[in-house]
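In what follows, a single structure is set out as structure tokens and then discussed.
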Amino acid sequence: MGLRVPSFQSPPRSDQLDRSIQRSGNGDCVVAVRVRGRPFAAVVADAIEGIVVCNRLSAAAAAAVRGELWREIEGGHDAAAGPAGPCPAPSEGGHRTPGAVAEPYALDEAA
């Protein structure tokens, strides 16, 4: 697909957010997604949307990438059934890139 792959962490630093993005000056992104207490499909949707937002895709490209990623996920796993195995415990400190800016995002911001 030719996309930049962000790093992922859980949970976001803010208790007020289910997802956030940190961007560094060199264009790298860290997508933070809250996992605990949320439906698996919502977590996956936020991870996919983080990829879309980090890549700053046009509306048409974003729709194509979302569709392809969902097809990949649904082909190997029933998203409604939850994760295939136990989820690892989230790290306490998480990862922070020096100079990174936390960037909350909404599902419609990618376009």
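The values are calculated or read from the model by the stated rules, or taken from the named source; none is laboratory data. No experiment lies behind these values; they were computed from the predicted model shown. With ideal geometry, Cβ positions are generated from the backbone for all residues, glycine too; neighbour counts draw on all protein chains shown.
Filtering region 57-76 to residues that are in contact (Cβ under 8 Å) with a residue 40 or more places away in the chain and not polar (S, T, N, Q) leaves Leu57, Ala59, Ala62, Val65, Glu68. May I ask you to list the residues in region 15-33 that are of a type in the set (S, T, N, Q) and surrounded by 21 or more Cβ atoms within 10 Å (Cβ to Cβ)? If the condition is that a residue be of a type in the set (S, T, N, Q) and surrounded by 21 or more Cβ atoms within 10 Å (Cβ to Cβ), then Ser20, Gln22 are the ones that fit. Within region 24-42, restricting attention to residues that are under 12 Å from Pro6 (Cβ atoms) and outside any strand (DSSP E or B), which residue is nearest to the chain's Cα centre (by Cα)? Applying the filter and picking the extreme gives Asp28.
Each row is one residue, and each column tells you yes or no for (1) on the phi < 0 side of the Ramachandran plot; (2) at pLDDT below 85; (3) loosely packed, with under 12 Cβ neighbours inside 10 Å; (4) not in a loop (DSSP other than H, G, I, E, B).
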| residue | (1), (2), (3), (4) |
| --- | --- |
| Val44 | yes, no, no, yes |
| Ala84 | yes, yes, yes, no |
| Cys87 | yes, yes, no, no |
| Pro90 | yes, yes, no, no |
| Pro98 | yes, yes, yes, no |
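Pick out the one residue from Ala80, Ala63 that is at pLDDT 50 or above, surrounded by 14 or more Cβ atoms within 10 Å (Cβ to Cβ), out of contact with any Ser or Thr (no Cβ under 6 Å at 6 or more places or on another chain) and assigned to a helix (DSSP H, G or I). One residue alone meets the criteria, Ala63.
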